[in-house]
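The values are calculated or read from the model by the stated rules, or taken from the named source; none is laboratory data. Just so we're clear, the structure is a prediction, and the values are computed from it rather than from any experiment. Glycine also receives a Cβ, built like all others from the backbone with ideal geometry; neighbour counts cover every protein chain displayed.
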Amino acid sequence: MKSLSPALQAHLDDGTTTLAWCWKITRSDGEVLGFTDHDRVLSFGGTDFEPESGFTASEIRGGAGLAVDSQDAEGVLTSDRITETDIIDGRWDNALVEVWRVNWRATGQRVLLRRGSIGEMRRGRVAFVAEIRSMAHVLGQTVGRVYQGTCDAALGDGRCGIDLNGPTYTGTGAVVDPIRDRSFTASGLGAFAGGWFAFGFLEWTGGANAGRAAEIMLHEKASGVVTITLLEAPVRPIAGGEGFTIRAGCDKRSATCAAKFSNIVNFRGFPHIPGQDTVIRYASADGGHEGAVL
């Protein structure tokens, strides 16, 4: 149940209202943006809400229990702060959203209707639809550790303990020749063995994609030629001469942790848990059931 200020309640009881929708969005990169469906700038709480930004809201869908309530914010790409490349880059994914109902004549008369986060975003050539999920969606996420054979730590985090900023695990290079939309030959990485950066990350330091990160799928080295293949194609095409910083990757296996990083003491997986094949094993005449370690 919402608690309204006496002034806002009196305005609603008057019968003739001057109300507008306002959305305050805090992206994962820390940028705070405000949008409103009103025709002029509204300001409150230290945020300016941009008018005529192309935002329109659907009805709020809600229900009893722990079901995830949702609302759609639909718009066209008319705001300079809403760009197609940012949407494709994922900078709006899981952004925190506050939805306000505001008296635009006196913005002190307002009520916070919901908090949530941006879920699925569907985009077209000139428009987009952003799903705003209620905080109940967090209850559907897995919390705690997963018992699995491979490591569940992120390479370089506090549980892993590896310092990726050292010269052993970090390199710098530049694109020599693009091969496909997500594959290219690179210079500056000749000192590293093939596969060293597979499953790692690359951050562009120059060119049209500067400041964006990408996950590496393959790192190949043949006859002195180094080829990098990204998991996904960048938003903007790769061009020759673009610089990058690249960091080693890990396939999460215990053997890799020991041989590549000498870090088996911090391995966060359970490699000796019997697999699914153990459940369905049966006695056979060719042996294999003499009590030895599986």
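Annotations
- Residue in the stretch 224-239 that is over 30 Å from residue 92 (Cα atoms), over 19 Å from the mean Cα position of the chain (by Cα) and surrounded by fewer than 16 Cβ atoms within 10 Å (Cβ to Cβ) present: yes
- Where strands (runs of 3 or more DSSP E) fall wholly inside the stretch 196-278, the ranges with 3 or more residues that are within 19 Å of residue 171 (Cα to Cα), modelled with pLDDT of 90 or more and charged (D, E, K, R) are 213-222.
Let's see how each residue does on (1) of a type in the set (A, V, I, L, M, F, W, C); (2) farther than 30 Å from residue 41 by Cα; (3) modelled with pLDDT under 90:
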site	(1), (2), (3)
105	no, no, no
115	no, no, yes
122	no, no, yes
135	yes, no, yes
149	no, yes, yes
154	yes, yes, no
182	no, yes, no
185	no, yes, no
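- Filter result for residue 183 (in the same structural domain as residue 232 (by TED's automatic domain parsing), touching a strand residue (DSSP E or B) at 6+ places or on another chain (Cβ under 8 Å), within 27 Å of residue 154 (Cβ to Cβ) and hydroxyl-bearing (Ser, Thr, Tyr)): yes
- The residues in the stretch 181-204 that are of a type outside the set (Phe, Trp, Tyr) and in contact (Cβ under 8 Å) with a residue 40 or more places away in the chain can be counted, and the count is 10.
- Scoring residue 173 on the criteria (1) touching a Leu at 6+ places or on another chain (Cβ under 8 Å); (2) at pLDDT below 90; (3) not in a helix (DSSP H, G or I) leaves a single failure, condition (2).
- Subset tally (residues that are in a loop (DSSP other than H, G, I, E, B) and touching a helix residue (DSSP H, G or I) at 6+ places or on another chain (Cβ under 8 Å)) for the stretch 101-115: 3
- Strands (runs of 3 or more DSSP E) within the stretch 1-100 that include 3 or more residues surrounded by fewer than 16 Cβ atoms within 10 Å (Cβ to Cβ) and modelled with pLDDT of 85 or more: none
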